[in-house]
1. Being farther than 12 Å from residue 82 by Cα and of a type in the set (Asp, Glu) is the filter; apply it to the stretch 28-49 and report the residue that is least open to solvent (accessible area, probe 1.4 Å).
2. Looking only at residues in the stretch 50-70 that are hydrophobic (A, V, I, L, M, F, W, C) and open to solvent by less than 60 Å² (accessible area, probe 1.4 Å), which one is farthest from residue 81 (Cα to Cα)?
3. Give the residues of the stretch 69-91 that are under 13 Å from residue 24 (Cα atoms) and in contact with a strand residue (DSSP E or B) (Cβ under 7 Å, 6 or more places away or on another chain), sorted by residue number.
Amino acid sequence: MKRVVVACLLVAGCATMHSTFQTAHQGSLTALAAKDFSCPREQIVATETSQDMWKAEGCGRSATYHLLNNNCLVERDCAWEQQDSPPPPPR
């Protein structure tokens, strides 16, 4: 029984940490993209697209960002690098 309780606590703790990281990452990227896009922060939507890659959209613009330090717990500590946009497809 003790093992089950410990396992549940570990899982709950991991889920809470993941949520904390996600909140910091989204908040940090929406702030950065709002500045990059000259767009109100409330209009920015940030979504994780793959491991350490995120997309920000708002005010008719979008950009892809690489999260450089995925262990940041607060917005101000997250570091991002905007990725070059792929060239448009040939016509």
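The values are calculated or read from the model by the stated rules, or taken from the named source; none is laboratory data. Only a predicted model underlies this, so the values are computations on that prediction, with no experimental measurement involved. Using ideal geometry, Cβ is built from the backbone for each residue, glycine included, and neighbour counts are taken over all protein chains shown. Ligands, DNA and RNA are stripped out before the accessible areas are found, and what is left, the full protein with its side chains, is counted by its heavy atoms. Shrake-Rupley method; radii C 1.70, N 1.55, O 1.52, S 1.80 Å.
1. 48
2. Taking the candidates together, the pick is 56.
3. Listed by number, the residues that qualify are 78, 80.
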